[in-house]
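Data block below; observations after.
The values are calculated or read from the model by the stated rules, or taken from the named source; none is laboratory data. Keep in mind that what you see is a predicted model, and the values were worked out from it rather than measured. Don't worry about glycine lacking a Cβ; one is built from the backbone with ideal geometry, like all the others, and counts go over all protein chains shown. Areas reflect the complete protein model, heavy atoms only, side chains present, ligands, DNA and RNA absent. Shrake-Rupley method; radii C 1.70, N 1.55, O 1.52, S 1.80 Å.
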Amino acid sequence: MQKYFHSVMLEKENCKGCTNCIKHCPTEAIRVREGQARIIEQLCIDCGECIRRCPNHAKLAITDTLDRLNDYKYTIALPAPSFYAQFGPGVMPHHVLGVLLELGFDHFYEVAVGAEAVSAYLRRYLDQSQRPRPLISSACPAVVRTMQVRFPGLLENIVPIETPMEVSARIAREEAMEKHGLKDEEIGVFFITPCPAKVTAIKQPFGERSYVDGAISMSSIYGEVLNRLNSTGSNLKSTLSPVQGVGWGKTGGENHAIKDHSLLAVDGIHNVINVLEEIERGGLYDIDYIEAQACTGGCIGGPLVPQNPFVSRVRMESLLKELGTRGEQELNVPSDDQFYRLSETILPRPTLKLSDDVNQAIQMLEEVERIYADLPGLDCGSCGSPHCRALAEDIVRGSAETSFCVFKLRDKLQQLAREIVDLSHMQPPAMGRVANGSKEDAKKDEFME
């Protein structure tokens, strides 16, 4: 089976086996066994929902540090638009970008510029495409991976368009090679990321390659940027920061940049799943395009952002108003549509099957139904599986036992207790004489005499 890279990892020392994570995982990718959470890599989509839910900080995202800048001759920072909303009033994008240069990057490229370019191509694509409606955004890798795992039949609805992150990285890399005569391998491009799913998209891209070399979490770099903003400020005077591109950092920003057509925006991975289920049932055919984001509020609500998402939302709105008062600058971005197209088709991911053999799978499914019908159906999660049906499937796969259910275990113990009590009243025949003597005892005594 194919090995997948995952940015979300388990810190075993911190895990208490509390089962909080298993109930919120959108793909049911976590089990708790022997007091420890276990992540099923075929099902994990690296959305980071478990990072958000774990009270013991036992889930973490593997990201890069600034030390990795030393691995390259020339480095470029790619800040996500949501990064600007992490700072207080009066902090503009050029302040933040100036500090990134002070931290050691040789250059920066605003992902907001790439988002603006992708928006323009999306408008053309929606006008021309005859693909089945509704089309679905490819921007959120957690949503795309959810569809690979749970909704493979809807993958053809995803627009075959690169993400703003990848478009920005490619433009920045090619500009650096042309301007400075650098080789591809001498350039390090680092995304300042709000979520672990972006890290996975870099390490295991949907296309042939990722133009990004690493990802630094917003939380890890936030303190250094804030300290420098407060102490030294920034030497940069202005940046491009197109308002519609920056708006991609929050829910509805992508649709706002597309403008026309029948558009729907949905955020929060469980809400996204509800919408995808509706599409599977044949609904929403009157919608042209769906902007779907796994995090509530969009990227400003990512698991790796330092700020409260409600605060970030207010700051993002204020920032967009401020940017809107400036005149838009002309962007130097590729006009060739092919530049924005995904190089490969997004395919379903093999997930946990009961069996590769159809006949055996049918038999195992019947066994699942039989076991499930015998379970209490409370979906309490104390067995370490997310719900009773999942436990039934785990039992059939051989990774769990019926006794994992505390209610079945209690029934078994009660039955055992009754048997023990019955046994305690029994005596071997040679000792089985009752004090007052029953008729049967008398007969036995008579027989024996």
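Key figures
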read-out: Solvent-accessible surface ranking, highest first, for 321, 59, 412, 203 at 1.4 angstrom; value: 321, 412, 203, 59
read-out: Mean separation of Cα contacts under 8 Å (6+ apart) over length of the chain, as relative contact order %; value: 19 percent
read-out: Mean accessible surface per residue for the chain, computed with a 1.4 Å probe while every protein chain stays in place, in Å²; value: 50 Å²
read-out: For residue 135, residues with placed amide H under 5 Å, excluding near neighbours; value: 289, 290
read-out: Value of [θ]222 nm, deg cm²/dmol, for the chain, DSSP H segments ≥ 4, -39500 (n - 2.57) each, nearest 500; value: -12500 deg cm²/dmol
read-out: Prolate/oblate/rounded label for the chain (Cα gyration tensor, a/c 1.5); value: prolate
read-out: Estimated FRET transfer efficiency (residue 411, residue 310; beta-carbon r; R0 60 Å; 0.05); value: 0.80
read-out: Debye, to nearest 20: dipole size of the chain, +1 on Lys, Arg Cβ, -1 on Asp, Glu Cβ; value: 860 debye
read-out: Amide N proximity, region 325-360 versus residue 42 label position 7 Å along Cα-to-Cβ, cut-off under 18 Å; value: 347-360
read-out: DSSP beta bridge pairing in the chain, given as percent antiparallel to the nearest 5; value: 30 percent
read-out: 5 angstrom amide H check on residue 8, placed H, neighbours 5+ away; value: 62
read-out: Karplus 3J(HN,Hα) series, Hz, for region 251-261 with 6.51 cos²θ - 1.76 cosθ + 1.60 (x for Gly, Pro); value: 4, x, x, 5, 5, 4, 6, 6, 6, 6, 6
read-out: Contour excess over end-to-end distance, with Cα ends at residue 277 and residue 128 and 0.36 nm allotted per residue; value: 51.0 nm
read-out: Per-residue ³J(HN,Hα) for region 359-365, Karplus 6.51 cos²θ - 1.76 cosθ + 1.60, θ = phi - 60°, Hz, x for Gly and Pro; value: 4, 5, 4, 5, 4, 5, 5
read-out: Share of carbon and sulfur in the accessible heavy-atom surface of the chain [1.4 Å probe, %]; value: 50 percent
